[in-house]
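Here the structure comes first, spelled out in structure tokens, and everything after it is commentary.
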Amino acid sequence: MAMGTAVESHPLKDRLKAVPNKTGIYVFRDPKGNVLYVGKATSLRSRLRSYFAPSYALSPKTRQMVSKAADFEYILTESEQEALILECNYIKRHRPPYNISLRDDKNFPYLKIDLTEDFPQILITRRVERDSARYFGPYASAGSVRRTLDLLKKLFPYRSCTRVITGKDPRPCLEFYIHRCVGPCIGAASKQEYGDVIRQVILFLEGKTEVVVKGLKHKMDKSSEALDYERAAALRDQIQAIQRVHEGQRVLAVGRGDLDVIALAREKDQAWTEVFFIRQGKLIGRDQFILDGTQDEETPQVLASFVKQFYDSAPYIPPTILLQHPLSEGPLIQSWLQQKRTRPVRIVVPQRGVKRKLVSMVEENAAQGLEQHKARFLADASSLEAALEELREQLSLPRLPSRVECYDISNIQGTNSVGSMVVFEDGRPRPAHYRRFKIKGVREINDYAMMQEVLRRRFHRLGEIRGNTQEPLEPQKTPPDDGTIWGIVPDLVLIDGGKGHLGAALEVFLELGIDFVPLASLAKENEELFVTHASEPIVLPRSSPALHLVQRLRDEAHRFAITYHRKLRSQKSVQSALDTVPGIGPKRKRMLLRRLGSVKGIKEATLEELAVIPGMTRTLAQKVKEFL
């Protein structure tokens, strides 16, 4: 709907009189039922009425959202705090395009140490559960958490293997000989001795390095007294390594308490956010996050969105949080954090002194991080151009591969087999042109046949066009007149697989008469490129920009295929389970899927969210939860 000077004609406005003046959350949806925006309000009627004010009173972002809205719904809550929690859950589940979104906030990585195990491992996980394990994080990316793991492994000799520890293995792995593991597998360390190593790791992650060093010095002295000089020397080296890290952790003198320091820098529709984690007066870590959708939003609102989304899943909330700006809804968010922590939490915006200097330092890091982010983006354009040129040269392509299509197959034991097609243009993903294929004609486990089916379905249109004209087909990026992408001619088709996959693809191209699209395949084992005009593979240097580009293509095709595969498996299992729930017929099943977006949404929905869906009752909602 086009917005004029006012929105009196909006069809949703007539429903406002029926909205109560009570606390709750509200959800705007588009004509397909997709969630556009989630908000909360102490008076739902007043807040919703504000969206239908004259358009000059609304921000461009809000005007655009309202113009796309075809429906809204609301859920009443007992308090503002309940509304805040429900709002966080809805934003995390649906990722609405008009809410400020913490990039990849669904699956922050954490370090997990399961203390119920006899010989605990230190693992990366993306799910925090209510169990006896210790969790540290969240980290912004897998790269951040792996850097922490690398540091821990250099400082503490815990095991990184997954073998069952019996203490009776005939020989240890290499890590034992280079003093990176105490060797519980061969009985070189008892359960208690290994437990001491894990306790040291936990203390270090908590910032209590003095306690760790004190304990290690005591062990070093005992080893020296026992004339075990080799053990004493190893402990000395460990102590020195920890002390070097400890010196690098010192920050401004802010006392010995725990606190997080948060500041951000903004640029157009993004905000770069820095978080410094200070424990026992030392900087034990820092991380950077990107917020999308910040255009037309005030900085206090942007910062509040980050704090809510970050601490919603964080396993630890410090007693003090230092911020660069005051938060919108500050008292409410502070009360919510106190409830999550079960102890007092102070949100402070320091104006002077040491803490203000600390915030300024984090603020400067955020500004520098944003500049580096922009610089990387600009530098990336030139490196992408170099990668495309190198790829053209190495594969002897007739032109620069501006449009590359990559294909992959995903299946488990031949079930729910799917294919994926991802498209990169000028070295960057073009998600609007991605396509997924459910394999229909191949029942057995045959990757070659599945790949051939996908390619026939993708290129039969080009084969027909080629058969109707003698003119050469030139590559282009824009769809043909009918709006589909099937008439677009790519510069290169890349297959995930080896020489056999390439041969299967070539058969399809010969069958369809397509001799104008170059073909190549990338074998994962040795990262070799195969082409149709050469018998030997092309091996690019590991530092090659062209290799990095085709690896990105291959990984994206694999990710896209496996995501679709998992979705089909989930739908099949959950929808068949829905069919067995007494009282859930086709109509209610459709309503559940429409309102909650997907089968995953049904599984994750609370009892209250299920019960308020039209046609549902609390008893039926309880049955759905039990059966799923």
- Take region 235-264 and flag every residue that is in a helix (DSSP H, G or I), surrounded by 15 or more Cβ atoms within 10 Å (Cβ to Cβ) and at pLDDT 75 or above. Leu235, Arg236, Gln238, Ile239
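Could we say that Val345 is within 30 Å of Asn89 (Cβ to Cβ) and crowded, with 19+ Cβ neighbours inside 10 Å here? Let's see the steps before the verdict.
On the way: within 30 Å of Asn89 (Cβ to Cβ): yes; crowded, with 19+ Cβ neighbours inside 10 Å: yes.
For Val345, the condition - within 30 Å of Asn89 (Cβ to Cβ) and crowded, with 19+ Cβ neighbours inside 10 Å - is met.
Out of Gly167, Gly183, which single residue is farther than 22 Å from Ala241 by Cα and among the small types (Gly, Ala, Ser)? Explain how you work it out, then say what you get.
Numbers: Gly183 fails: farther than 22 Å from Ala241 by Cα.
Residue meeting the stated conditions: Gly167.
Yes/no per residue for (1) in contact with a helix residue (DSSP H, G or I) (Cβ under 7 Å, 6 or more places away or on another chain); (2) without any contact (Cβ under 8 Å) to a residue 40 or more places away in the chain; (3) surrounded by 19 or more Cβ atoms within 10 Å (Cβ to Cβ):
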| residue | (1), (2), (3) |
| --- | --- |
| Tyr98 | yes, no, yes |
| Lys112 | no, yes, yes |
| Leu123 | no, yes, no |
| Pro138 | yes, no, yes |
| Asp150 | no, yes, no |
| Lys154 | yes, no, no |
| Arg159 | yes, no, yes |
- Among what's in region 27-52 and is under 20 Å from Arg93 (Cβ atoms) and touching a helix residue (DSSP H, G or I) at 6+ places or on another chain (Cβ under 6 Å), pick the residue that is surrounded by the most Cβ atoms within 10 Å (Cβ to Cβ). Lys40
- Item | Count of residues meeting criterion [in a helix (DSSP H, G or I) and either of a type in the set (S, T, N, Q) or surrounded by 13 or more Cβ atoms within 10 Å (Cβ to Cβ) (or both)] in region 215-232 | 10
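Given Gly467, Gly463, which one is exposed (fewer than 15 other Cβ atoms within 10 Å of the Cβ) and modelled with pLDDT under 85?
After ruling out the rest, the residue left standing is Gly467.
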- List pairs: first in region 492-515 and farther than 16 Å from Val422 by Cβ, second of a type in the set (Lys, Arg), Cβ under 9 Å, 6+ apart or cross-chain? Gly498/Lys524; Val508/Arg456; Glu511/Arg456; Leu512/Arg456; Leu512/Arg466; Gly513/Arg466; Ile514/Arg466; Asp515/Arg466
- Filter result for Ser535 (at pLDDT below 75 and surrounded by fewer than 17 Cβ atoms within 10 Å (Cβ to Cβ)): no
- Message: For Asp118, only one of the following conditions fails: (1) closer than 27 Å to Ala18 by Cα; (2) surrounded by fewer than 19 Cβ atoms within 10 Å (Cβ to Cβ). What is its number?
- Response: (1)
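Would region 182-198 turn up any residue that is among the basic types (Lys, Arg) and modelled with pLDDT under 85?
Of the residues in region 182-198, the ones among the basic types (Lys, Arg) are 191.
Add one more test, that the residue is modelled with pLDDT under 85, and what stays is none.
No: region 182-198 contains no residue that is among the basic types (Lys, Arg) and modelled with pLDDT under 85.
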- region 294-344, subset free of Cβ contacts under 8 Å to residues at least 12 places away in the same chain and assigned to a helix (DSSP H, G or I), residue farthest from the chain's Cα centre (by Cα): Pro331
- Message: Filter region 293-320 down to the residues that are at pLDDT 80 or above and acidic (Asp, Glu) and list them by number.
- Response: Glu297, Glu298, Asp312
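Specify the residue that is modelled with the lowest pLDDT; the eligible residues are those in region 568-615 that are basic (Lys, Arg) and closer than 24 Å to Leu86 by Cα. Steps first, please.
Initially, region 568-615 is screened for residues basic (Lys, Arg), giving 569, 572, 587-590, 594-595, 600, 603.
Then drop every residue that is not closer than 24 Å to Leu86 by Cα, which leaves 588-590, 594-595, 600, 603.
Working: Arg588: 81, Lys589: 77, Arg590: 76, Arg594: 74, Arg595: 75, Lys600: 69, Lys603: 76.
Among those residues, the one meeting the criterion is Lys600.
Checking the condition over 29 Å from Leu283 (Cα atoms), in contact with a Pro (Cβ under 6 Å, 6 or more places away or on another chain) and not assigned by TED's automatic domain parsing to the domain that holds Ile278, which residue from Ile198, Ile165 passes? Lay out the reasoning, then the answer.
Numbers: Ile198 fails: over 29 Å from Leu283 (Cα atoms).
Going through Ile198, Ile165 in turn, the sole match is Ile165.
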- Query: Quick one: in region 492-502, which of the residues that are buried (at least 18 other Cβ atoms within 10 Å of the Cβ) and under 31 Å from the mean Cα position of the chain (by Cα) is farthest from Ser410 (Cα to Cα)?
  - Reply: Leu492
- Query: Of all residues in region 276-301, which are closer than 13 Å to Ala366 by Cβ and surrounded by fewer than 21 Cβ atoms within 10 Å (Cβ to Cβ)?
  - Reply: Arg286, Asp287, Gln288, Ile290, Thr299
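The values are calculated or read from the model by the stated rules, or taken from the named source; none is laboratory data. Please read these numbers as outputs of a predicted model, since none were measured by experiment. Don't worry about glycine lacking a Cβ; one is built from the backbone with ideal geometry, like all the others, and counts go over all protein chains shown.
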